[in-house]
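Peer 1: Pasting in a structure now, in structure tokens, and then I'll have a few things to ask.
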Amino acid sequence: MGNERWTRGRRLTSRERILLGILMILVFWTAALRLAIEPYGELKEELCRAQEEHRGRESAFGGLTRTERDRLEQIEEGLYEALDTAFMDRSLQRMAGEAGVRILKMEIGNPERTETGLEKTRIAVDLQAETAGEMEQLAGAIDSQEKSVFLTDFSAEQNETGQWTGRMEVVYCYVREK
């Protein structure tokens, strides 16, 4: 008796026709996406990646990929440009003065070019201070610089008069020009 509703030849109601129409549209759209559009989308993405890689290699950075070029640009944002020894001398004198440390001797080395094209200059500094805290304050000031100044070696000791003497090596890294 309940099967009489589903016999052959029965006409579909308007609601059933609408639902079947929506179902057919969804099936057609899914098939179109899977068979026609998705393969070309993946091919397009692959071509775009290859094109970006090619553009990256032709860049002014000479043979670097886009990722390598972006990394170098980030590094260069944190570097000084075209430093001279007078600037290095003044900045170390300023930091030492603020910390209460006296610079006895400063030896500024010749610039060295690194493998990445950066320049670095090593500076050896002999220091004198009343307390160890002043020496620590200077070391902290150098390490907290926003630009690329590094403290690579530091030693200090108290002499027989109670003053502190020390030696540090500071390295300035910079780009010759952007």
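The values are calculated or read from the model by the stated rules, or taken from the named source; none is laboratory data. Please read all numbers here as calculations on a predicted model, not as lab measurements. Here the Cβ positions follow ideal geometry from the backbone for every residue, glycine too, while neighbour counts run over all protein chains shown. All accessible areas refer to the heavy atoms of the entire protein, side chains included, with ligands and DNA or RNA removed. Shrake-Rupley method; radii C 1.70, N 1.55, O 1.52, S 1.80 Å.
Peer 1: Would you tally the residues in region 83-112 being within 16 Å of residue 148 (Cα to Cα) and touching a Lys or Arg at 6+ places or on another chain (Cβ under 8 Å)?
Peer 2: Within region 83-112, residues that are within 16 Å of residue 148 (Cα to Cα) and touching a Lys or Arg at 6+ places or on another chain (Cβ under 8 Å) number 2.
Peer 1: Test residue 131 against the criterion of being in contact with a Leu (Cβ under 9 Å, 6 or more places away or on another chain) and open to solvent by 60 Å² or more (accessible area, probe 1.4 Å), and give yes or no.
Peer 2: Here the answer is no, as residue 131 does not meet what is asked.
Table: residues versus (1) modelled with pLDDT under 70; (2) open to solvent by less than 40 Å² (accessible area, probe 1.4 Å); (3) basic (Lys, Arg); (4) on the phi > 0 side of the Ramachandran plot.
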{"residue": "22", "(1), (2), (3), (4)": "no, no, no, no"}
{"residue": "41", "(1), (2), (3), (4)": "yes, yes, no, no"}
{"residue": "54", "(1), (2), (3), (4)": "yes, no, no, no"}
{"residue": "57", "(1), (2), (3), (4)": "yes, no, yes, no"}
{"residue": "82", "(1), (2), (3), (4)": "yes, no, no, yes"}
{"residue": "87", "(1), (2), (3), (4)": "no, no, no, no"}
{"residue": "96", "(1), (2), (3), (4)": "no, yes, no, no"}
{"residue": "106", "(1), (2), (3), (4)": "no, no, no, no"}
{"residue": "119", "(1), (2), (3), (4)": "no, yes, no, no"}
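Peer 1: Sort out which residues of region 134-148 are surrounded by 16 or more Cβ atoms within 10 Å (Cβ to Cβ), at pLDDT 85 or above, farther than 17 Å from residue 104 by Cβ and among the small types (Gly, Ala, Ser), and write them in order of number.
Peer 2: Answer for region 134-148, where residues must be surrounded by 16 or more Cβ atoms within 10 Å (Cβ to Cβ), at pLDDT 85 or above, farther than 17 Å from residue 104 by Cβ and among the small types (Gly, Ala, Ser): just 141.
Peer 1: Here's something else I'd like to know. Regarding residue 156, is this residue assigned to a strand (DSSP E or B), more than 24 Å from residue 85 (Cβ to Cβ) and either touching a Cys at 6+ places or on another chain (Cβ under 9 Å) or open to solvent by less than 50 Å² (accessible area, probe 1.4 Å) (or both)?
Peer 2: Yes: the conditions hold for residue 156.
Peer 1: Same structure again: What's the total number of residues in region 152-174 that are free of Cβ contacts under 8 Å to residues at least 12 places away in the same chain and touching a strand residue (DSSP E or B) at 6+ places or on another chain (Cβ under 6 Å)?
Peer 2: Number of matching residues: 1.
Peer 1: Now for a different question. Quick one: in region 115-151, of everything that is part of a loop (DSSP other than H, G, I, E, B) and without any contact (Cβ under 8 Å) to a residue 40 or more places away in the chain, which residue is farthest from the chain's Cα centre (by Cα)?
Peer 2: Per the criteria, the residue is 130.
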